[in-house]
């Protein structure tokens, strides 16, 4: 169920470096917190260029009345992780009471968990919850290298041989076809990670013929195939041109320029912020899960909340008519 | 205490096997609206009866194979509650799902677990095996009672009411006058009454087929939160029943499991099982209908009681000696609720 978000004051209790460029923060939340399950997320009010914005992070278990997150400092941060990295013990932030849209079903005979990079945050909680209940679990954790991986010791302790690590620096990758084939008919796969990994998992699952309902994933919409660049967009019928810098979304640039837009999820899932591409002189970096692979290849539309142009300029139609 | 009157981490009967089939049954359990149906394989499913999109009850929609289609925009959900179709787009929003409740079909009942699904252990389904056992002949019904489920527990934990509520059927003075013993464990309570060397009440004389003096027993077994198995029967006096040998007599089990619908209404599933004259289908039918009309006498009392409680919200019941069984039952229910809430608070 989706409920109105409930904001609370929280104070940073601790900041720990848990992997290279990854910090774990623990917050004391004013007024306590209801219990939350693995896969839950919280929203944090961050300051970007002096203006407030909202970023979403997975909640890690942290004890009664506490919330914890693990954040990776992105090279091309839109400002969210940069802000989080300025926080120290004693500082105050606003957070929301956790909600969960990435729940374990507790119905599968066996669980396959796949984590890529900082996508390990919800998967870590799931592995612990499943192991605690004695469920059959296999986890595959891929990142640039071992130094970039938080939580490995804890996960090894609860999963033992059922945890496999993969460093892309060493050229090791998960054999998706084999891992999926090893699942029983009622097995489920939970994945969280970069868009490229997610697309590969979705394709492998589709190729296996297994029911789509047994593949679960969560998206935050904050990464894509290409690095972020500045690009320009002309809005049809509005006589407005916006310049979208690397640390801003097209949707934010449009609304800041006074263009009326509708949107909902802001993570590339619902499709409401989609715009028509009338013409473009560069490739579209689709970062959503709303459009199909076919639709992304055609690039006739794009989700403005997460997707970008690799560079250059486009003319878009937001549906405004005179 | 938050005023919760039932624990969520428990198996509750949602329906009799025959109530669920290849159509959508809407039923509320523990304040949660559910839609129940069977897959083509016969396996039962319980989903939350509210579409992820705009909360329209799925029970107003239709079945498509093993999936449910919402009547409003046609979103389709499979038995795990995941959306597998949504209109006017080529992909499915990965957040789209409704809750699918852990479900077990056992003892001719369909049980669901409304609490934390991680804790739903099928081994914890209450033991009502007499309802589906070759050594017993059993049948029963589902009653929708307009009362707090705990009033039904009270009613079953003390059978002195038989003498008065059911005086024209199964009651006689012996029950109201006989002494009894109450024992309890951490999860169960038991009230035992033996009436030794009494005249057989008409109902039992008819079951035994003779009118000798008999030893009669009533042993009420309560398991928290809401399942009660009552051992009843008679044996000719002097054949050793009080000492443990009931073989010369006839035995029944009154099976009862109550499920909160809301805080003031409940679903009551019962059956009467017997260990004699097993192949006599007519007797099974008559017993079921007979018990049914006996229970209608109880329903009238319980609904009147519920109304009075609502009109007197601050009133606390007085208790008599005969209420020891129901006091233990309520104590054990409250303990389950407290334990559940303590776990939640610890995690906060």
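The values are calculated or read from the model by the stated rules, or taken from the named source; none is laboratory data. Computed from a prediction, not measured in an experiment: that's the story for all the values here. Don't worry about glycine lacking a Cβ; one is built from the backbone with ideal geometry, like all the others, and counts go over all protein chains shown.
Some notes on this structure:
- Unmet requirement for residue A:194, which otherwise passes all of (1) surrounded by fewer than 20 Cβ atoms within 10 Å (Cβ to Cβ); (2) within 14 Å of chain B (Cβ to nearest Cβ); (3) under 23 Å from residue A:41 (Cβ atoms): (2)
- Of all the criteria given as (1) under 16 Å from residue A:79 (Cβ atoms); (2) at pLDDT 95 or above; (3) surrounded by fewer than 17 Cβ atoms within 10 Å (Cβ to Cβ), the one not satisfied by residue A:251 is (3).
- Considering A:115, A:62, the condition of being within 23 Å of residue A:183 (Cβ to Cβ) and in contact with a strand residue (DSSP E or B) (Cβ under 6 Å, 6 or more places away or on another chain) is satisfied by A:115 alone.
- Those residues of the range A:221-234 which are surrounded by 20 or more Cβ atoms within 10 Å (Cβ to Cβ) and either under 22 Å from residue A:265 (Cβ atoms) or within 12 Å of chain B (Cβ to nearest Cβ) (or both), in sequence order: A:221, A:222, A:223, A:224, A:228, A:233
- The range B:103-119, residues that are facing chain A (nearest Cβ under 7 Å) and touching a residue at least 12 places away in the same chain (Cβ under 8 Å): B:117
- Taking the criterion of being out of contact with any helix residue (DSSP H, G or I) (no Cβ under 7 Å at 6 or more places or on another chain), modelled with pLDDT of 90 or more and closer than 14 Å to residue A:7 by Cα, the residues of the range A:32-64 that qualify are A:41, A:42, A:43, A:44, A:45, A:56.
- The set of residues in the range A:204-239 being without any contact (Cβ under 8 Å) to a residue 24 or more places away in the chain and either touching a helix residue (DSSP H, G or I) at 6+ places or on another chain (Cβ under 8 Å) or within 26 Å of residue A:121 (Cβ to Cβ) (or both) consists of A:206, A:212, A:213.
- Qualifying positions in the range B:277-296 - farther than 21 Å from residue B:127 by Cβ and in a loop (DSSP other than H, G, I, E, B): B:277, B:279, B:280
For every residue, the table says whether it meets (1) modelled with pLDDT of 95 or more; (2) closer than 14 Å to residue B:275 by Cβ; (3) assigned by TED's automatic domain parsing to the domain that holds residue B:274; (4) in contact with a strand residue (DSSP E or B) (Cβ under 8 Å, 6 or more places away or on another chain).
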site: B:218; (1), (2), (3), (4): no, no, yes, yes
site: B:226; (1), (2), (3), (4): yes, no, yes, yes
site: B:232; (1), (2), (3), (4): no, yes, yes, yes
site: B:248; (1), (2), (3), (4): no, yes, yes, yes
site: B:258; (1), (2), (3), (4): yes, no, yes, yes
site: B:261; (1), (2), (3), (4): yes, no, yes, yes
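- Note on the range B:81-100: among residues that are within 16 Å of residue A:218 (Cβ to Cβ) and outside any loop (DSSP other than H, G, I, E, B), the one that is nearest to the other protein chains (Cβ to nearest Cβ) is B:82.
- Residue B:299 vs. criteria at pLDDT 90 or above, part of a helix (DSSP H, G or I), surrounded by fewer than 16 Cβ atoms within 10 Å (Cβ to Cβ) and assigned by TED's automatic domain parsing to the domain that holds residue B:147: no
- Of all residues making up the range B:203-223, the number that are over 24 Å from residue B:154 (Cα atoms) and assigned to a strand (DSSP E or B): 3
- Selection of the range B:61-80 for residues being away from every other protein chain (no Cβ under 11 Å) and either out of contact with any strand residue (DSSP E or B) (no Cβ under 8 Å at 6 or more places or on another chain) or in contact (Cβ under 8 Å) with a residue 40 or more places away in the chain (or both) yields B:63, B:65, B:68, B:72, B:73.
- Tabulated pairs, the range A:153-165, first closer than 15 Å to residue A:143 by Cα, second surrounded by fewer than 17 Cβ atoms within 10 Å (Cβ to Cβ), C-beta under 8 angstrom, 6+ apart or interchain: A:163/A:156; A:165/A:146
- In this structure, residue B:276 does not satisfy being in contact with a strand residue (DSSP E or B) (Cβ under 9 Å, 6 or more places away or on another chain), closer than 21 Å to residue B:5 by Cα and more than 14 Å from chain A (Cβ to nearest Cβ).
- Qualifying residue in the range A:277-295 (condition: outside any helix (DSSP H, G or I), in contact with a strand residue (DSSP E or B) (Cβ under 7 Å, 6 or more places away or on another chain), within 14 Å of chain B (Cβ to nearest Cβ) and over 18 Å from residue A:199 (Cα atoms)): no
- The residue that is farthest from the other protein chains (Cβ to nearest Cβ), among those in the range A:296-308 that are closer than 19 Å to residue B:90 by Cα and either over 23 Å from the mean Cα position of the chain (by Cα) or in a strand (DSSP E or B) (or both), is A:302.
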